[in-house]
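Every number in this text was worked out from the coordinates using simple rules, so none of it is lab data. Just so it is clear, the model here is predicted, and its values are computed rather than measured. As a convention, Cβ positions derive from the backbone with ideal geometry for all residues, glycine included, and neighbour counts pool all protein chains shown.
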Amino acid sequence: MPLLQIAEPGQSPQPHQRRLAVGIDLGTTNSLVAAVRSGLAEPLADSAGQVILPSAVRYRDGRVDVGQAARDAASSDPFNTVISVKRLMGRGLADIKQLGEQLPYRFVEGESHMPFIETVQGAKSPVEVSADILRSLRQRAEGVLGGELVGAVITVPAYFDDAQRQATKDAARLAGLSVLRLLNEPTAAAVAYGLDQRAEGVVAIYDLGGGTFDISILRLTAGVFEVLATGGDSALGGDDFDHAIAGWIVEQAGLSADLDPGTQRRLLEAACAAKEALSQADDVPLSHGDWKGRLSRSHFDSLIEPLLARSLKACRRAVRDAGVEFEDIGAVVMVGGSTRVPRVREAVGELFGRPPMTDIDPDQVVAIGAAIQADTLAGNRRGGEELLLLDVNPLSLGLETMGGLMEKVIPRNTTIPVARAQDFTTYKDGQTAMMIHVLQGERELVRDCRSLARFELRGIPPMVAGAAKIRVTFQVDADGLLGVSARELGSGVEASIQVKPSYGLTDGEIARMLQDSFRHAGDDKAARALRELQVDAQRLLESVEAALEVDGARLLSREERAAIDEHMQALRALLDGDDGSAIERQTKRLTQVTDAFAARRMDASVKAALAGRRLNELEE
Amino acid sequence: MGKPCHFALFDLQPAFRLDLDQLAARYRERVRDVHPDRFADAPQAEQRRALEQAAQLNDAYQTLKSAPRRALYLLALQGGELPLETTVQDPDFLLQQMQWREELEELQDQADLEGVAVFKRRLKDAQGEVETRFAACWDLPGQRDEAERLVRRLQFLDKLSQEVRQLEERLDD
């Protein structure tokens, strides 16, 4: 096969060894994997040529379906098919009830407070479900790129809190991926646009995905992307548009609000289809059972107006936080499938006083940016083209103080990494221990903030109240993850904690899941081997086709041509199947029958090359 | 101070009047070399050092970028940290503070967004004026009391402008 790929003189056909790294957009509705190949970042397609992997996982007896097949089964098998799992990441059962929607799953509580979903394959945590999606993307990438990955950049909504970030990292670990960096989605989008356009100045990224909304204000200067402010709503997205339409259908059709899971799913699917159609049409027909009706775009616009207003409010707040004026913002970038809704584009355009940018596919832009950053972090970029991303922490971090108040130690929108210390003292004579309660949020009262961790500093030497000096240090790393340590300065007594989110996994749960994933490792390996054979075969077919087009008529007899065509056809027929050894055998045969052709092409090209040069050049 | 001076990190002389664009440019230069992303697959010890250095650089940059924090830092460099709580001997300013707060409450009661905008401009002018006075006296011997008084005014004005922002957010609801 290599013989057929003829390189121009002075150009090596094999670029220098690159370290394989990918960017993954692990989305609520859809997920993608992208990589930089030949200097260009692009999404990687599966064997059917599909770039988008629906974020749906169906657990069946003895197998797991990920992607479209699972999404298609969502209504017929709602209990075992998990969609929009991203909304459950890092959440407790109580939070999920607060999401205010009816989820069709049967939840059980795990060792920690993390919710598990009961399926035919047993209880599955949101982390495991996400890991199944990531594993599928990893296998795709390794097949297409032809080797093991050194790591991945995985994107998360900027507004994800510590628990949600940690859950995402856990999922990657379960999927066998090494995380080079968790990257905020809007920042990734800015990278994709920034590289493309070599822009400088202040940019707003409006990212309305399936389940989350993010707004970020960034300044781009000389290859440095500085996030000035970020905000959003981790429970607002295009899914809510679907729910709004579904609610309207329920009302119009006079259905009772208490619907079985299958009906709910069908309603939501119909709603989603209507939403998508309304991006083009002014008016769509809808039906459910005996009920038939029409939804106009203007009525749809009014249904989503309250949701849109929430996103615009977050935009105004982010602009204020960034310390800039609307006039300073030179461009507004749209990210996420939900920004295809015309009313969304219009409202954002009105707020920022300029039409938003939509050049890069809003579904792919995040994965593309992540791939560029992964390429940088894997060390494939050097010198001037290297990018630096300076992110901020999205929410304030602090401690509980007397009276149930939250004392902020690191305010929101502080550039990370960051370390900050605050001194406290004892309030009772002879006090030897101090409780440290770590919180995240913007509210004054502890009960309105999210509790991240509690730990105790013990062994403080007994002193009078106020004499001990306890320094609590918060450190946030470049992934936005927090570590807290406390130290009594007089005695040097110390305690620290890498913040374990309250709704994270316990070590026992992680151990069990890792075991499970080892059990599936055999299947994974076989699947990867098959995928690699398919990719090799596909590459061979493409290069033979290309060679035939150029030189087939000139260098081959009719019989030779027929033999090659026949073997190509046989290989194509095998490609979609899962018989690896047959694919391997046929690939070899095709290589054999094209050997003579390849040799003739080589001769011809050497002659052509020699003919184009002067003699003295050859002698040197 | 055990740590290197914030100004020295950016090759700058301690001063209140700073070219913020130059500071930002130097920050971007320095942070390129120490950011943890440059050490994504370096040994753990190097990663930890990068994290510490980047955190320190970020802290220095945030301190110098903000006028009240820069002023406070300069005084700490010169003559030790300011006591956290002290009785403020600044009756004129106390009176003005009260007036400002009353005005702000009134603006809130009337949900007067235009009035808030005017208030913000006045606040900005007042900040500029105090900054000019501070710049002229902070490094003069015998002016320490005056410099401390001005820093506290700057801190108050900064807090007030945060409150104005919170008010804007509430009125936006």
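Structural remarks
- Each of the peptides A:486-493, B:139-146 was scored by the mean count of other Cβ atoms within 10 Å over its residues; in descending order, highest first, they stand as A:486-493, B:139-146.
- Cα extents of the stretch B:6-65 along the three principal axes, largest first (Å): 41, 15, 15
- Spin-label pair B:D145-A:R63: with each label point 7 Å from Cα along the Cα-Cβ axis, the two points sit 8.7 nm from one another.
- Distance between the C-alpha centres of the stretch B:32-65 and the stretch B:144-167: 31 Å, rounded to the whole angstrom.
- The length gained by stretching the chain between A:A273 and A:D72 to full extension, at 0.36 nm per residue less their Cα-Cα distance, is 71.0 nm.
- Relative to the longest principal axis of the Cα atoms of chain B, helix B:144-172 runs at roughly 80 degrees.
- Considering only A:A331, A:G238, A:P115, and ranking their Cα positions along the charge dipole of the protein assembly as shown that arises from unit charges at the beta-carbon of Lys, Arg, Asp and Glu, the one farthest toward the positive end is A:P115.
- Candidate aspartates and glutamates - alpha carbon under 13 Å from A:K469, same-chain residues fewer than 8 apart omitted: A:D423, A:E488, A:E494
- The stretch B:6-65, dipole about Cα centre (Lys/Arg Cβ +1, Asp/Glu Cβ -1), debye to the nearest 20: 100
- Cα-based shape type of the stretch A:228-280, given that a ≥ b ≥ c are square roots of the gyration tensor eigenvalues and the cut on a/c is 1.5: prolate
- Student exercise, chain B dipole from Lys, Arg, Asp, Glu Cβ charges, in Debye to nearest 20: 840
- Legend: mean number of C-beta atoms from other chains within 10 angstrom of residue C-beta atoms, peptide B:30-41, equals 6.
- DSSP H segments from chain A that extend 15 Å or more along their own axis, Cα-based, with Kyte-Doolittle mean of -1.0 or above: A:126-145, A:185-197, A:238-252, A:261-277, A:297-322, A:342-352, A:365-377, A:507-519, A:521-547, A:558-575, A:580-611
- Over chain A: helical MRE at 222 nm, DSSP H runs n ≥ 4 each giving -39500 (n - 2.57), nearest 500: -12500 deg cm²/dmol
- Highest-first arrangement of A:364-370, A:553-559, A:168-174, where packing means the average Cβ count within 10 Å: A:364-370, A:168-174, A:553-559
- Other protein chain Cβ atoms within 10 Å, averaged over every residue that makes up B:60-66: 1
- Computed lengthening from A:E545 to A:T473, 0.36 nm per intervening residue step minus Cα-Cα distance: 19.6 nm
- Per-residue packing, averaged as other Cβ atoms within 10 Å, sorts the ranges B:66-76, B:103-113, A:297-307 into the order B:66-76, A:297-307, B:103-113, beginning with the highest.
- Relative contact order (%) - criterion: Cα under 8 Å, at least six apart; region: the stretch B:6-65: 42
- Tail weight of P(r) past 36 Å, computed on alpha-carbon pairs of the protein assembly as shown, percent: 54
- Shape class for the stretch A:394-505, computed from the alpha carbon gyration tensor (a ≥ b ≥ c): prolate, with a/c not under 1.5 and a/b above b/c.
- Computed magnitude of the charge dipole of the protein assembly as shown (debye, nearest 20; Cβ of K, R +1, Cβ of D, E -1): 1380
- Annotation: amide H of A:G209 within the under-5 Å range of A:D214, A:G238, sequence separation 5 or more or interchain, hydrogens built in the peptide plane.
- Averaged over B:51-59, number of beta-carbon atoms from partner chains that fall within 10 Å: 6
- Cα→Cβ-extended label distance, 7 Å offset, between A:E560 and A:V464, nm: 10.3
- Along the stretch A:391-401 the Karplus relation, 6.51 cos²θ - 1.76 cosθ + 1.60 evaluated at θ = phi - 60°, assigns HN-Hα couplings of 8, 10, 7, x, 10, 5, 10, x, 10, 7, 10 Hz to successive residues, with x for each Gly and Pro.
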